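Colleague: Okay, handing you the structure first.
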């Protein structure tokens, strides 16, 4: 049997400035809580679950085994998800390689793991069979009723994979599903979202890659619509991770749509500024390359 780390529980209670009396109100007696904190006498699982929930913890967070801890795994996966948005693929590989999915008991975290590994593999051109294995864990098991955003993210990874394999009919199929979801999500925003910050970051992931795909197909109007939607979402929820890539995509679209030099330059400057704010060196390099190519083409036209 694993040993409970009571210190995690006490530290969290004190961090939230909750007295023993306040914490146990409506759950158990103060004596029960005191015996747990001071003497290590563990209450019933029902009581412990309720006490932990009031502190924003799970019972698993109290166990000594850090890699088995839900909180530890959640932090690692959230870090990996942000690194993926920043295109730090090696960072994501390093994090995911230290996590064993069969040891993750909390279904949302296991689903997040398979989404991250599947999309990472799609973006780094790994074997389709490995990519589809991860997404099948979501679509056929973890979210088999297709009720969470992870189904859409699995569709996204599938679309990315098929686009890179130049199987355009299949890529169109998946990105079509995602576009419909994005539009419907805008109309019917969920009132209650357990993980609101990550939810909107994942919506941005859907928006960005769909905009990028539409641009690659020459559908600039649709791509621009999605880019603007993404930028507005960044502003509404004060998130900046995708702003450098969205602004860069907007600049590329503007060039393809023969917009004015002033507008194109402003978009490239925005992309560079947000890239520096987010320490996104990949976008910085891409902006420099795009600017060089744009200036070269502009000079040719003026000769």
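Colleague: With each pseudo-label sitting 7 Å past Cα toward Cβ, what's the residue 269-residue 129 distance in nm, one decimal?
Modeller: 5.3 nm
Colleague: How high is the relative contact order of the stretch 6-64, in percent, with contacts defined as C-alpha pairs under 8 Å that are six or more residues apart?
Modeller: Over the stretch 6-64, the number comes to 37 percent.
Colleague: Which of 270, 102, 144 ends up with the largest GNM mean-square fluctuation for the chain, with Cα atoms connected below 10 Å?
Modeller: Among 270, 102, 144, the largest mean-square fluctuation in the Gaussian network model of the chain belongs to 102.
Colleague: Which part of the stretch 40-62 falls in the paramagnetic zone of residue 6, meaning amide N under 13 Å from the point 7 Å along Cα-to-beta-carbon?
Modeller: Of the residues in the stretch 40-62, 40-43 have backbone N under 13 Å from the label point off residue 6.
Colleague: Based on the Cα atoms of the chain, what semi-axes does the equivalent ellipsoid have, where each is the square root of 5 times one gyration tensor eigenvalue, given in whole Å with the largest first?
Modeller: So the equivalent ellipsoid measures 44, 21, 17 Å along its semi-axes.
Colleague: Moving to a separate point now. So if R0 is 41 Å, what FRET efficiency would residue 256 and residue 53 give, r being the distance between their Cβ atoms, rounded to the nearest 0.05?
Modeller: Between residue 256 and residue 53 the formula returns 0.20.
Colleague: Sticking with this structure for a sec: In nm, to one decimal, how far is the residue 300 label point from the residue 282 one, both placed 7 Å along Cα→Cβ?
Modeller: The two pseudo-label positions are separated by 2.8 nm.
Colleague: Provide 28, 222 in ascending order of the number of other Cβ atoms located within 10 Å of each residue's Cβ, fewest first. If you can, show how the numbers build up before the last one.
Modeller: Values: 28 19, 222 16.
Lowest count first: 222, 28.
Colleague: Right, here's the next one. So for the stretch 6-64, what are the equivalent ellipsoid semi-axes in whole Å, largest first, each being the square root of 5 times an eigenvalue of the Cα gyration tensor? Intermediate values should be presented prior to the final figure.
Modeller: Numbers: eigenvalues 40, 34, 27 Å².
For the stretch 6-64, the semi-axes come out at 14, 13, 12 Å.
Colleague: Taking only C-alpha pairs under 8 Å that are 6+ residues apart, what is the relative contact order of the stretch 200-303 in percent?
Modeller: That works out to 22 percent.
Colleague: Defining a contact as two alpha carbons under 8 Å apart and six or more residues distant in sequence, what relative contact order in percent does the chain show?
Modeller: After rounding, I find 9 percent.
Colleague: As a test of the definition: which semi-axes, in Å, follow for the stretch 32-165 when you take the square root of five times each eigenvalue of its alpha carbon gyration tensor? Largest first, please.
Modeller: 35, 16, 11
Colleague: Same structure, new question: Compare 159, 118, 176 in a GNM of the chain, Cα atoms joined below 10 Å, and give the one with the largest fluctuation.
Modeller: Of 159, 118, 176, the Gaussian network model singles out 176 as fluctuating most.
Colleague: Here is a follow-up. For residue 45 and residue 18, what is the calculated FRET efficiency with R₀ set at 22 Å and r taken between the beta-carbons, to the nearest 0.05?
Modeller: Once rounded, the FRET efficiency stands at 0.60.
Colleague: Please compute the modelled spin-label separation between residue 236 and residue 107, points set 7 Å along Cα→Cβ, answer in nm with one decimal.
Modeller: A separation of 2.8 nm, rounded to one decimal place.
Colleague: In deg cm²/dmol and to the nearest 500, what is the mean residue ellipticity at 222 nm of the chain if only DSSP H runs of at least 4 residues count, each as -39500 (n - 2.57), divided by the residue total?
Modeller: My calculation for the chain gives -23000 deg cm²/dmol from helical runs alone.
Colleague: Turning to a different aspect of this structure: Could you tell me how far the Cα centroid of the stretch 261-299 sits from the Cα centroid of the stretch 84-150, in Å?
Modeller: Going from one Cα centre to the other spans 31 Å.
Colleague: Mind checking which of 60, 236, 224 has the largest fluctuation in a GNM of the chain, springs on alpha carbons under 10 Å?
Modeller: 236
Since every read-out is calculated from the coordinates, none of them should be taken as a lab result. Fair warning: this is a prediction, and the values are worked out from it, not measured in the lab. Glycine also receives a Cβ, built like all others from the backbone with ideal geometry; neighbour counts cover every protein chain displayed.
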